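Undergrad: If you scroll down you'll find the structure; I have some questions about it.
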Amino acid sequence: MTGFLGLAYLWVKAAHIIFVIFWMAGLFLFPRYLVHHQESLGTPEADKWVHREALLRRMILTPSIGIVWLLGIVLALNAGLFDGQPGLGWLHAKLFIVFLLSGYQGWAVGYSKKLAAGQGSVASRRLRAIGEVPALAVVLIVILAVVKPF
Ligand code: HEM
């Protein structure tokens, strides 16, 4: 599958995967921070978590989600997604899960702002379980992208 990207295709795909790894590293770490932050509410440690979360967001999560989306859309254009190319069911399913994962990040960032204001509303055990969502999403997305089962 080379499309309009020609010889650049493999380079764009490599860059896509590199930034996927950065994004996922941030997305695995961020919910862990939220758990520690919530458990430190009311202590001087809480302010440090506010700072760590802001840094992780600014340095990793925000830039990498943007670049992954940008390169992913370029690859999807190259694959003919918007020309009605057949056989791209896997890509539709993948995009659906990536949309949900992007929404998950929005929720987590919103929750970190609530914690920064001293308000944690989700039980810690539940918050730990919610932290496993990105791992589950990665399993599904990688199977869809690599195996392309439909
Ligand atoms: C943000 C929106 C995303 C879009 C629009 C997108 C789209 C694409 C497209 C069109 C390809 C090229 C497939 C091919 O040429 O065969 C691709 C490759 C790939 N994507 Fe994404 N992707 C996105 C996010 C992600 C995420 C979040 C992950 C992992 C968690 C991921 C993992 C991969 C992998 C592993 C490949 C290489 C598949 C292969 O060549 O075998 N992508 N992506």
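The values are calculated or read from the model by the stated rules, or taken from the named source; none is laboratory data. Quick caveat, the model's predicted, so the values are computed rather than measured. Counting neighbours? That spans all protein chains shown, and the Cβs are built from the backbone with ideal geometry, glycine included. The area values use the complete protein model at the heavy-atom level, side chains included, leaving out ligands, DNA and RNA. Shrake-Rupley method; radii C 1.70, N 1.55, O 1.52, S 1.80 Å.
Undergrad: Can you pull out the residues in segment 12-69 that are open to solvent by 30 Å² or more (accessible area, probe 1.4 Å) and assigned to a loop (DSSP other than H, G, I, E, B)?
TA: Leu41, Gly42, Thr43, Pro44 - these are the residues of segment 12-69 that are open to solvent by 30 Å² or more (accessible area, probe 1.4 Å) and assigned to a loop (DSSP other than H, G, I, E, B).
Undergrad: Looking at segment 30-62, which of the residues that are within 16 Å of the ligand (Cβ to nearest atom) and touching a helix residue (DSSP H, G or I) at 6+ places or on another chain (Cβ under 8 Å) is nearest to Val98 (Cα to Cα)?
TA: Leu61
Undergrad: Quick check on my filter: what residues within segment 1-50 are farther than 21 Å from Arg126 by Cβ and of a type in the set (S, T, N, Q)?
TA: The answer is Thr2, Thr43.
Undergrad: Is it the case that segment 80-102 has a residue that's assigned to a helix (DSSP H, G or I), in contact with a His (Cβ under 7 Å, 6 or more places away or on another chain) and over 30 Å from His36 (Cβ atoms)? Spell out the reasoning first.
TA: From segment 80-102, those assigned to a helix (DSSP H, G or I) are 81-83, 89-102; that's our starting set.
If we keep only those that are in contact with a His (Cβ under 7 Å, 6 or more places away or on another chain) as well, we get none.
No, the conditions are met nowhere in segment 80-102.
Undergrad: Still on this structure: Just name the residue that is nearest to Leu27 (Cα to Cα) out of those in segment 70-116 that are open to solvent by less than 20 Å² (accessible area, probe 1.4 Å) and more than 9 Å from the ligand (Cβ to nearest atom).
TA: Going through the qualifying residues, I end up with Gln105.
Undergrad: Going through segment 123-150 one residue at a time, which ones are away from the ligand (no atom under 14 Å from the Cβ) and surrounded by 16 or more Cβ atoms within 10 Å (Cβ to Cβ)?
TA: Scanning segment 123-150 gives Leu127, Ile130, Gly131.
Undergrad: Give me the residue from segment 76-103 that is in contact (Cβ under 8 Å) with a residue 40 or more places away in the chain and under 16 Å from Leu136 (Cα atoms) and, out of that set, nearest to the chain's Cα centre (by Cα).
TA: The qualifying residue nearest to the chain's Cα centre (by Cα) is Leu101.
Undergrad: Just one of (1) under 19 Å from Leu29 (Cα atoms); (2) open to solvent by 40 Å² or more (accessible area, probe 1.4 Å) trips up Gln119, so point out which.
TA: Failing condition for Gln119: (1).
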